[in-house]
Amino acid sequence: QVQLVESGGGLVQPGGSLRLSCEASGNSFSIYTMGWYRQAPGKQRELVASISRGASTNYADSVKGRFTISRDNAKNTVYLQMNSLQPEDTAVYYCKAQLTVRTYWGQGTQVTVSS
């Protein structure tokens, strides 16, 4: 069992930046593929970015060049650095840990981009 706790969300103006963090419990963090997803009101949850156990990354086209995912296995933490935020980035952001068929989700953190 893995528990995930996200933090770092909040209200930011267009063009601003935020860094989300997701800390995992347990001692097997390094072998999980970690991902950030988001869900806006009335929309389906979508992948934002993922990072494999080997640190290979994958990004949604809408965030390429603006968002960066990284992980610190010593701290059991995955990060999402978000720059040049736009109103369309407003959503609840969720952290996910996956290893084969085992999937765990965090509770989510709200990101609101508004002037």
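Values as computed for the structure displayed
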quantity	calculated
Every residue from the stretch 64-86 that is more than 18 Å from S17 (Cα to Cα) and outside any loop (DSSP other than H, G, I, E, B)	R71, D72, N73, A74, K75, T77
Pair list, Cβ < 6 Å and 6+ apart or interchain, from the stretch 3-18 residues that are touching a residue at least 40 places away in the same chain (Cβ under 8 Å) to residues that are surrounded by 15 or more Cβ atoms within 10 Å (Cβ to Cβ) and charged (D, E, K, R)	V5/E23
Any hit, the stretch 45-62, residues being within 29 Å of S115 (Cβ to Cβ), touching an Asp or Glu at 6+ places or on another chain (Cβ under 7 Å) and of a type in the set (G, A, S)	yes
Residues (within 17 Å of L99 (Cβ to Cβ) and aliphatic (A, V, I, L, M)) located in the stretch 50-68	I51, A55
Residue ID - modelled with the lowest pLDDT, chosen from residues in the stretch 2-56 that are at positive phi and in a loop (DSSP other than H, G, I, E, B)	G26
Residue among D89, D72 that is among the charged types (D, E, K, R) and free of Cβ contacts under 8 Å to residues at least 24 places away in the same chain	D72
Some residue of the stretch 74-81 being more than 12 Å from the chain's Cα centre (by Cα), within 15 Å of G8 (Cβ to Cβ), open to solvent by 60 Å² or more (accessible area, probe 1.4 Å) and not polar (S, T, N, Q)	yes
Total residues in the stretch 92-115, condition in contact (Cβ under 8 Å) with a residue 12 or more places away in the chain, of a type in the set (S, T, Y) and not in a strand (DSSP E or B)	2
Qualifying residue in the stretch 87-107 (condition: under 20 Å from G15 (Cα atoms) and open to solvent by 60 Å² or more (accessible area, probe 1.4 Å))	yes
Residue satisfying condition, being over 20 Å from Y104 (Cβ atoms) and among the polar types (S, T, N, Q), within set Q39, Q86	Q86
The listed residue being of a type in the set (F, W, Y) and within 15 Å of S21 (Cα to Cα), out of Y59, Y94	Y94
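The values are calculated or read from the model by the stated rules, or taken from the named source; none is laboratory data. Fair warning: this is a prediction, and the values are worked out from it, not measured in the lab. Cβ sites come from the backbone with ideal geometry, for glycine too, and all protein chains shown count toward neighbours. Surface areas here come from the heavy atoms of the whole protein model, side chains and all, with no ligands, DNA or RNA. Shrake-Rupley method; radii C 1.70, N 1.55, O 1.52, S 1.80 Å.
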